Amino acid sequence: YEKQDGRPSKQRLLVVANRLPVAAVRKGEDSWQLEISAGGLVTALLGVNEFETRWIGWAGVNVPDEVGQRSLTKALAEKRCIPVFLDEEVVHQYYNGYCNNILWPLFHYLGLPQEDRLATTRSFQSQFSAYKKANQMFADVVNEHYEDGDVVWCHDYHLMFLPKCLKEYNIEMKVGWFLHTPFPSSEIHRTLPSRSELLRSVLAADLVGFHTYDYARHFVSACTRILGLEGTPEGVEDQGKLTRVAAFPIGIDSNRFIRALELPEVKDHIRELKERFAGRKVMLGVDRLDMIKGIPQKILAFEKFLEENPVWRDKVVLLQIAVPTRTDVPEYQKLTCQVHEIVGRINGRFGTLTAVPIHHLDRSLDFHALCALYAVTDVALVTSLRDGMNLVSYEFVACQDEKKGVLILSEFAGAAQSLGAGAILVNPWNITEVAASIGYALTMPADEREKRHQHNFMHVTIHTSQEWAETFVSELNDTVVEAQLRTRQ
Ligand code: ADQ
């Protein structure tokens, strides 16, 4: 790369994701308030400074006028963000419709919402057209900002059509695509009416990445069974063109959590929490309020544990912090009501005048409050029904080097493959098993806790988000070089 001041300049990395890492709120005709919004990807890329990163994505707001678009573009440029402007109808059909109503449940093995099934089938074509249109709009913006030598890294199920659009613009563009959700069994994927088009588009990328080897295997077998292509140990081959497919398990910026625990305000917070819950073991759940996270199942398992273990009723508390998401979708509203109803019932049943067994918060916590909570927790409960990886389990481990608490982890989270030996793995659908695991975790001897924690802590501190991003991009660079060598031979 070009030298600047005698130093090699960093490679430019264009990270393309549905949402930018900032949410924009309009304050006037040409004034904007930008708020950093934390999601899994943003958190993962926070610690990566190997590249000159630019973000390309939707700012989460409808900006129909040119003045607004120009001023927002300018404001975002200071945060190294480039907006894609999507109008309300496209957002409705592409984001709420095709992405969140079709791909999200399907990739998590949840099927379609029962009562909407026929309606969804009918509106499928228009939603898929909007999806392709939106992906093309992302491609236009990438193409406009792309410079030779850049690496383009497309993220997630929102942008499966993007690799194809980008390669149509410029076959030389280095394009990688990474999926943050599970990729389901080919038997599930083949029910999608647009199954072939999506696979072919993803295959236009040079490198395709998944969190686990299983997801990569499902993808390759979908390409074999649905498209009739050859799967090789390297990836998928189509008429001599190889698309490399591999597993790149994501991590977290573990040092950021470990350092935070040393801050005076976090220490104060930890002290307050310890006083507040003195004499009780603390159990913790931190999730987006989404059906994939298995929150009702988790709470029912906790109820079963209290039912079967009366001695624990005033000695344990479950703190469930659930950030509401997709609040305008009826299924999510229903889930919120369901969780509130179960929590209310259990607190009514087992609470006393001075204490309740479950503290449920419908909100997000700031980073320092979250670190303090992780640090005082005795048992973390991650019971996702399916989860691409699950970063909460990693964050908990990073904050537990003093306490050495126990992680109860769903076997259906990608993290089960990396933290499996350190965590207690459970089937979240089996509340009897989860209830028994709670009892086991709360009484686990110190030496076993220590051993399990060391295993997890080592993994979380070695396999960081920085390592993840650097490995993916360097593999992408290598893949492109190898492909060029192959075509020259
Ligand atoms: P998510 O489904 O959002 O991510 P997860 O991996 O757990 O799930 O990441 C959530 C992030 O949001 C964590 O950093 C967590 O700290 C934060 N968060 C969650 N609830 C919070 C709360 N109440 N207050 C504050 N912060 C909260 C998707 C996939 C995952 C995959 C990631 C990254 O669904 O499977 O691990 O992307 O690839």
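Quick one: is residue 341 free of Cβ contacts under 8 Å to residues at least 12 places away in the same chain, out of contact with any strand residue (DSSP E or B) (no Cβ under 8 Å at 6 or more places or on another chain) and among the acidic types (Asp, Glu)?
Values: free of Cβ contacts under 8 Å to residues at least 12 places away in the same chain: yes; out of contact with any strand residue (DSSP E or B) (no Cβ under 8 Å at 6 or more places or on another chain): yes; among the acidic types (Asp, Glu): yes.
For residue 341, the condition - free of Cβ contacts under 8 Å to residues at least 12 places away in the same chain, out of contact with any strand residue (DSSP E or B) (no Cβ under 8 Å at 6 or more places or on another chain) and among the acidic types (Asp, Glu) - is met.
Listed here are the residues, each with its yes/no results for (1) surrounded by fewer than 18 Cβ atoms within 10 Å (Cβ to Cβ); (2) over 18 Å from residue 140 (Cβ atoms); (3) of a type in the set (Val, Ile, Thr).
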| position | (1), (2), (3) |
| --- | --- |
| 64 | yes, no, no |
| 67 | yes, yes, yes |
| 80 | yes, yes, no |
| 85 | yes, no, no |
| 90 | no, no, yes |
| 98 | no, yes, no |
| 102 | no, yes, yes |
| 108 | no, yes, no |
| 111 | yes, yes, no |
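Among the residues making up the range 342-383, those that are small (Gly, Ala, Ser) and over 28 Å from residue 420 (Cβ atoms) are 344, 348, 351, 355, 364, 369. Condition first: closer than 18 Å to residue 103 by Cβ and within 16 Å of the ligand (Cβ to nearest atom). Now tell me which residues in the range 164-205 satisfy that. Residues satisfying the conditions are 177, 178, 179, 180, 181, 182, 183, 184. In this structure, residue 252 qualifies as within 16 Å of the ligand (Cβ to nearest atom) and at pLDDT below 95. Here 361, 318 are screened, and the one residue that is touching a strand residue (DSSP E or B) at 6+ places or on another chain (Cβ under 6 Å), under 30 Å from residue 97 (Cα atoms) and within 16 Å of the ligand (Cβ to nearest atom) is 361.
Going by the conditions given, is residue 262 of a type in the set (Asp, Glu) and in a loop (DSSP other than H, G, I, E, B)? So residue 262 fits the description; yes.
Filtering the range 265-288 to residues that are closer than 21 Å to residue 438 by Cβ, of a type outside the set (Val, Ile, Thr) and buried (at least 16 other Cβ atoms within 10 Å of the Cβ) leaves 273, 277, 281, 283, 284, 285, 287. Determine, yes or no, whether residue 336 is more than 18 Å from residue 457 (Cβ to Cβ), part of a loop (DSSP other than H, G, I, E, B) and more than 13 Å from the ligand (Cβ to nearest atom). Against the criterion (more than 18 Å from residue 457 (Cβ to Cβ), part of a loop (DSSP other than H, G, I, E, B) and more than 13 Å from the ligand (Cβ to nearest atom)), residue 336 does not qualify. The single condition from (1) away from the ligand (no atom under 12 Å from the Cβ); (2) under 26 Å from residue 414 (Cβ atoms); (3) under 24 Å from the mean Cα position of the chain (by Cα) that residue 390 fails is (1).
If you scan the range 27-51, which residues turn out to be modelled with pLDDT of 90 or more, more than 27 Å from residue 395 (Cβ to Cβ) and not small (Gly, Ala, Ser)? Those that are modelled with pLDDT of 90 or more, more than 27 Å from residue 395 (Cβ to Cβ) and not small (Gly, Ala, Ser): 27, 32, 33.
Residues that are over 30 Å from residue 241 (Cα atoms), at pLDDT 95 or above, surrounded by 15 or more Cβ atoms within 10 Å (Cβ to Cβ) and out of contact with any Ser or Thr (no Cβ under 6 Å at 6 or more places or on another chain): does the range 458-470 have at least one? Yes, that holds for at least one residue. Just to be sure, is residue 323 surrounded by fewer than 18 Cβ atoms within 10 Å (Cβ to Cβ), on the phi < 0 side of the Ramachandran plot and either in contact with a His (Cβ under 9 Å, 6 or more places away or on another chain) or not in a helix (DSSP H, G or I) (or both)? So residue 323 passes the test. Within the range 380-388, does at least one residue satisfy the condition of being on the phi < 0 side of the Ramachandran plot, in contact with a helix residue (DSSP H, G or I) (Cβ under 7 Å, 6 or more places away or on another chain) and surrounded by fewer than 24 Cβ atoms within 10 Å (Cβ to Cβ)? Within the range 380-388, one or more residues are on the phi < 0 side of the Ramachandran plot, in contact with a helix residue (DSSP H, G or I) (Cβ under 7 Å, 6 or more places away or on another chain) and surrounded by fewer than 24 Cβ atoms within 10 Å (Cβ to Cβ). For the residues 308, 275, the requirement of being farther than 30 Å from residue 208 by Cβ, acidic (Asp, Glu) and either in contact (Cβ under 8 Å) with a residue 24 or more places away in the chain or within 12 Å of the ligand (Cβ to nearest atom) (or both) singles out 308. May I ask you to list the residues in the range 278-300 that are of a type outside the set (D, E, K, R) and either in contact with a Pro (Cβ under 8 Å, 6 or more places away or on another chain) or within 16 Å of the ligand (Cβ to nearest atom) (or both)? 282, 283, 284, 285, 286, 289, 291, 292, 294, 295, 297, 299 - these are the residues of the range 278-300 that are of a type outside the set (D, E, K, R) and either in contact with a Pro (Cβ under 8 Å, 6 or more places away or on another chain) or within 16 Å of the ligand (Cβ to nearest atom) (or both).
Based on this model, can you work out whether residue 208 counts as touching a helix residue (DSSP H, G or I) at 6+ places or on another chain (Cβ under 8 Å), away from the ligand (no atom under 16 Å from the Cβ) and within 26 Å of residue 42 (Cβ to Cβ)?
Here the answer is no, as residue 208 does not meet what is asked.
Of (1) more than 9 Å from the ligand (Cβ to nearest atom); (2) farther than 23 Å from residue 462 by Cβ; (3) of a type in the set (Ser, Thr, Tyr), residue 377 satisfies all except one. Which? With (1) more than 9 Å from the ligand (Cβ to nearest atom); (2) farther than 23 Å from residue 462 by Cβ; (3) of a type in the set (Ser, Thr, Tyr) applied to residue 377, the lone miss is (2). As a summary of the residue check, residue 448 satisfies the conditions (1) loosely packed, with under 13 Cβ neighbours inside 10 Å; (2) under 30 Å from residue 240 (Cα atoms) except for the one numbered (2). Got a number for residues in the range 55-73 being out of contact with any strand residue (DSSP E or B) (no Cβ under 9 Å at 6 or more places or on another chain) and either part of a helix (DSSP H, G or I) or of a type in the set (Val, Ile, Thr) (or both)? Residues meeting the conditions: 3.
Among residues of the range 80-93 that are assigned to a loop (DSSP other than H, G, I, E, B), those with a beta-carbon under 9 Å from a residue that is surrounded by 14 or more Cβ atoms within 10 Å (Cβ to Cβ) and among the small types (Gly, Ala, Ser) at least six positions away or on a different chain give the pairs 84/57; 84/59; 84/134; 85/59; 86/134.
If you scan the range 247-267, which residues turn out to be of a type in the set (Asp, Glu) and over 13 Å from residue 397 (Cα atoms)? Once the filter is applied, which keeps residues that are of a type in the set (Asp, Glu) and over 13 Å from residue 397 (Cα atoms), the range 247-267 yields 262, 265.
Taken over the range 142-174, the residue count meeting the criterion of being free of Cβ contacts under 8 Å to residues at least 60 places away in the same chain and of a type in the set (A, V, I, L, M) is 4.
The values are calculated or read from the model by the stated rules, or taken from the named source; none is laboratory data. These numbers were taken from a predicted model, which means no experiment stands behind them. Every residue, glycine as well, gets a Cβ built from its backbone with ideal geometry; the counts of neighbours run over all protein chains shown.
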